[in-house]
Amino acid sequence: MTNTTLSRRSILQFLAGAPMLPLASSVTGASLLAACGGGGGGGDGTISAFTSATFTPMAAPSLATPADMATTLVNSSLTVNFSSGGFSNSQTYKLAYQPFFMTGDAVPNGSGGTVLAGGYFDINGQPIIDKSVAGKERQFFSDSPDGTSLLALPNASVAGVTGKPVFAVVQFEYNSRDQAGASTYGVLPSPIAVLTLDQNPSNGRLNLVKYHNVNTSSVHGLWITCGASLSPWNTHLSSEEYEPDAAFIDTNAMFKAFSKNLFGSETAANPYHYGHTPEVTVNNDGTASIKKHYCMGRISHELVQVMPDNRTVLMGDDYTNGGLFVFVADKAADLSAGTLYVAKVGTGFSIDPAAPGAALSWINLGHATSAEIEALANTLKASDIMTVTKTDPADATYTKMFCDGVAQWVKLKPGMEKAAAFLETHRYANLKGASMAFTKLEGTTVNAKDKVAYSALQNIQSSMVRNNAAWREALNVTVEKGLNAGGVMAHDLAGGVKDTDGAAITSDWMPVRTRAFLMGEDIASDALGNTSNPEKIANPDNLKFSEKMRTLFIGEDSSSHVNNFLWAYNVDTKQLSRVMSVPSGGESTGLHAVDEINGWTYIMSNFQHPGDWGGIHAKVQATLDPLVRANYKDRFGASVGYLTAAPVQPRLDR
């Protein structure tokens, strides 16, 4: 690097402008000033500025060191580059993973006591007890932490915080199994918690001082909360995926068990209360309130991404025969009323990144307020809205469609358009001619500078593949061969768009073209059992974009990588870097890239269900299972945390 002398003013500007990860060993502003002859003397007075950030990737773990495959492994580093007076300098940090807790831990409740991290509660706030093994009764707790938002409030004040209060909202998607080993997926109401974190001003470290379990009784509890995002107005936007099918709810054993655990009755829960977008508002004391937005469509919400206009919302739909949905709110920073749109894909759809992609047009499904749709949800049954059958009625007034890969015949009842649009959104979008053909269109995020949004296709198969039973050529979403590894799609954003009826859409952030961006690669099973190339992404799920680092972060939910990874992809240099590996059998979740909170940069990351063994783990399971069990509470625990760093030979004067 070029020699230069940085003034006190330059260093302070660098500290304010560069993304500085929290440090595992303290390098304070004072020490940096001292290293450069602080006190203001001898400098040239120029101002240093952040220019770029580069991740140095790590290798995938292997059975050469089995312990590495059974834990969170971070052997990557981050180099922050900046300039001053025409000269370039850099600082390199070796990265590491820092958990706040493991689910099942007793954590502080802020009142001198403790609460079970990830613990489940019924509608009355009482613990839900796992009684599956006599003599070992205990409160259920999740092994699947997911969506996380990190935020700060200007007037926050929480007892026990000695630095600066920072809050993390964390949701817990599900519990995998009871102590007897029986599946408990989807049968427990999803908890959501606010963590009060004490941020050390000198090094950015975060320490948990309070865990507050959010009371969700006002929104009828939560159903399978998956990914999440931070709204531009500093609230946590949650999700409820795999909306319970109201048309066949009487035969849904999982939903009956959910209702029994939540309300004490198999019939008390209303399916139309689930499949929406919950919003959590954190209070200055580390408590929170919650509401659901019923007007954003009842789909398999993975997560939503609000565009910079604070009105346009791109939504993931984790579903087979799913669609690309956008909600445009009537008012900025208020999701309680707006218009719901679904995409119709033009010709040219491709998963080849060299292809130009396909144009998108938008079907207006309707306008509504959350209050009016909640009122409909409270009073209507599926049979009031439409007739649905899984056998051909041989009646031309019915429309054949595929929902979650299953053929159905649907007939809308007169006057039920609005109820159908917002409570039976998948079926109504089919009736309106949308391209309901995607498989597991999951995480979404936005690159505001380039005006590009990204969506994760967790896999590319089934309804997208020519001649598959659930495929329809007229929907214009066709690949000739499936790609189990999946990939990331890019959507070009623009204003001045009209819907398919010719009405103007009042947004400058509508997707107008979709194209392949970053794809995985299927392979024959390798020595570890990977069936996707471990040097490329596989089954992307969580997506977050850092504007300052110009980096797309990608978390995997893979059944084709023996270990799932967290990746960083620089959209300018095109460099893909493996940043972290999560325990084998686990899923990378809870991703949140935070460019700056009180001068510090954070990459939030959780993982789910370590040791959830599948067919690809046959070559490693015997070796890794005892290690995972020892690390993660016999596979019942999983961690919530973030990436931290330690400086590696910092030389700001060279």
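Couple of notes before you dig in:
- Close Cβ contacts (under 8 Å, 6 or more residues apart or on different chains) running from residues in the stretch 514-532 that are within 18 Å of His491 (Cα to Cα) and of a type in the set (Phe, Trp, Tyr) to residues that are open to solvent by 60 Å² or more (accessible area, probe 1.4 Å) and assigned to a loop (DSSP other than H, G, I, E, B) comprise Phe517/Pro353.
- For Gly415: the one exception among (1) assigned to a loop (DSSP other than H, G, I, E, B); (2) open to solvent by 10 Å² or more (accessible area, probe 1.4 Å); (3) closer than 21 Å to Met510 by Cβ: (3)
- Matching option when the condition is over 21 Å from Asn564 (Cα atoms) and of a type in the set (Asp, Glu), among Glu535, Glu547, Glu521: Glu547
- Filter result (of a type in the set (Val, Ile, Thr) and over 14 Å from the mean Cα position of the chain (by Cα)) within the stretch 554-577: Val562, Val571, Thr573
- Taken over the stretch 116-143, the residue count meeting the criterion of being closer than 22 Å to Phe263 by Cβ and open to solvent by 30 Å² or more (accessible area, probe 1.4 Å) is 14.
- Of the strands (runs of 3 or more DSSP E) entirely within the stretch 485-561, those holding at least 2 residues that are touching a Lys or Arg at 6+ places or on another chain (Cβ under 9 Å) and at pLDDT 95 or above occupy 487-494, 510-519, 551-556.
- Single condition Ile351 does not satisfy, out of (1) of a type in the set (Val, Ile, Thr); (2) assigned to a strand (DSSP E or B); (3) within 25 Å of Ala448 (Cα to Cα); (4) over 18 Å from the mean Cα position of the chain (by Cα): (2)
- Residues in the stretch 562-587 that are among the acidic types (Asp, Glu) and either out of contact with any strand residue (DSSP E or B) (no Cβ under 6 Å at 6 or more places or on another chain) or at pLDDT below 95 (or both): Asp572 only.
- Among the residues making up the stretch 245-260, those that are out of contact with any Ser or Thr (no Cβ under 9 Å at 6 or more places or on another chain) and polar (S, T, N, Q) are Thr251, Asn252.
- Qualifying residues in the stretch 569-607 (those that are in contact with an Asp or Glu (Cβ under 8 Å, 6 or more places away or on another chain) and acidic (Asp, Glu)) - the one least open to solvent (accessible area, probe 1.4 Å): Glu587
- Matching residues, the stretch 324-338, being farther than 9 Å from Met296 by Cβ and either under 19 Å from the mean Cα position of the chain (by Cα) or modelled with pLDDT under 95 (or both): Leu324, Val326
- Any chance Pro610 is outside any strand (DSSP E or B), of a type outside the set (Gly, Ala, Ser) and surrounded by 24 or more Cβ atoms within 10 Å (Cβ to Cβ): yes
- Asp330 vs. criteria in contact with a strand residue (DSSP E or B) (Cβ under 7 Å, 6 or more places away or on another chain), assigned to a loop (DSSP other than H, G, I, E, B) and open to solvent by 40 Å² or more (accessible area, probe 1.4 Å): no
- Among (1) under 23 Å from Asp352 (Cα atoms); (2) buried (at least 19 other Cβ atoms within 10 Å of the Cβ), the one test that Val497 misses: (1)
- Of the strands (runs of 3 or more DSSP E) lying entirely inside the stretch 1-113, those containing at least 2 residues that are at pLDDT 85 or above and hydroxyl-bearing (Ser, Thr, Tyr) are 48-56, 77-84, 87-102.
- On the stretch given as the stretch 383-392, residues that are under 27 Å from Lys344 (Cβ atoms) and either surrounded by fewer than 20 Cβ atoms within 10 Å (Cβ to Cβ) or in contact with a strand residue (DSSP E or B) (Cβ under 7 Å, 6 or more places away or on another chain) (or both) total 6.
- Answer from Ala168, Ala156 - the residue that is farther than 30 Å from Asn530 by Cα, assigned to a loop (DSSP other than H, G, I, E, B), touching a strand residue (DSSP E or B) at 6+ places or on another chain (Cβ under 6 Å) and in contact (Cβ under 8 Å) with a residue 60 or more places away in the chain: Ala156
- When Gly221, Gly163, Gly181 are screened for being modelled with pLDDT of 95 or more and open to solvent by 40 Å² or more (accessible area, probe 1.4 Å), only Gly181 passes.
For (1) free of Cβ contacts under 8 Å to residues at least 24 places away in the same chain; (2) acidic (Asp, Glu); (3) farther than 16 Å from Gly297 by Cα; (4) touching a strand residue (DSSP E or B) at 6+ places or on another chain (Cβ under 7 Å), each residue gets a yes or a no:
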position: Ala437; (1), (2), (3), (4): no, no, yes, yes
position: Glu442; (1), (2), (3), (4): no, yes, no, yes
position: Asn447; (1), (2), (3), (4): no, no, yes, yes
position: Ser455; (1), (2), (3), (4): no, no, yes, yes
position: Asn459; (1), (2), (3), (4): no, no, yes, yes
position: Val465; (1), (2), (3), (4): yes, no, yes, yes
position: Glu473; (1), (2), (3), (4): yes, yes, yes, no
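The values are calculated or read from the model by the stated rules, or taken from the named source; none is laboratory data. For clarity, every value in this text was computed on a predicted model and none was experimentally measured. Note: ideal-geometry Cβ built from the backbone for every residue, glycine included; neighbour counts use all protein chains shown. Surface accessibility is based on the protein's heavy atoms, side chains included, excluding ligands, DNA and RNA. Shrake-Rupley method; radii C 1.70, N 1.55, O 1.52, S 1.80 Å.
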